[in-house]
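Quick notes on the structure that follows.
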Amino acid sequence: LNAVGLHRGVTFENIELKDIHQYGISIYGNYGPTYPTGEPTFFVMDQLTMRNIRGTMAAPGGANVWIWLHKDSARNWKWENVNVVGGKSAMFRPPLTCKGVPQNLGIRCAEK
């Protein structure tokens, strides 16, 4: 699509997820016919805050957290007290992987 976009100053806070079947938290940057495995499109996602988010997956066939972004998209993120449990991304075929995850935040993405 060669689109350019900017997302800045978005906060998700005090959220409880229940009985989720596929993705607890899903952040991705590729749209259109290549979703979900095509290469992510570059855009800036600056100052994303995820705070006090908890929940459980309804079955092990889902991913607690899945992030699929261009390597330069995520900037200045905060990831505080986020705990989504019960999913096993290895059950996807092919197994789910993550891309573009900020390394300094300890985000457990696509846990096997």
_With a 10 Å cut-off between alpha carbons and a GNM built on the chain, which of ARG54, ARG93, ARG75 moves the most?_
ARG93
*Residue-wise, which Karplus ³J(HN,Hα) couplings in Hz belong to segment 71-85, taking 6.51 cos²θ - 1.76 cosθ + 1.60, θ = phi - 60°, and x for glycine or proline?*
4, 10, 7, 7, 9, 6, 7, 10, 9, 10, 6, 9, 8, 10, 10
_Can you match Cα Rg over 2.2 N^0.38 Å to one of these, [x] 0.98; [y] 1.04; [z] 1.09, based on a calculation from the structure here?_
[y]
*For ILE107, enumerate residues with amide H under 5 Å from its amide H, sequence gap 5+ or separate chain, H modeled in the peptide plane.*
none
*For the chain, what is the charge dipole size about the Cα centre, in debye to the nearest 20, if Lys and Arg each add +1 at the Cβ and Asp and Glu each add -1 at the Cβ?*
180 debye
*Of ALA90, MET57, GLN103, which is farthest along the charge dipole of the chain in the positive direction, counting Lys and Arg as +1 and Asp and Glu as -1 at C-beta?*
ALA90
*Relative contact order for the chain using alpha-carbon pairs under 8 Å, separation at least 6, rounded to a whole percent?*
28 percent
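Here, each number is a calculation from the coordinates, and none is a lab measurement. Keep in mind the model is a prediction, meaning the values are calculated, not measured. Glycine gets a Cβ as well: all are built from the backbone with ideal geometry, and neighbour counts include every protein chain shown.
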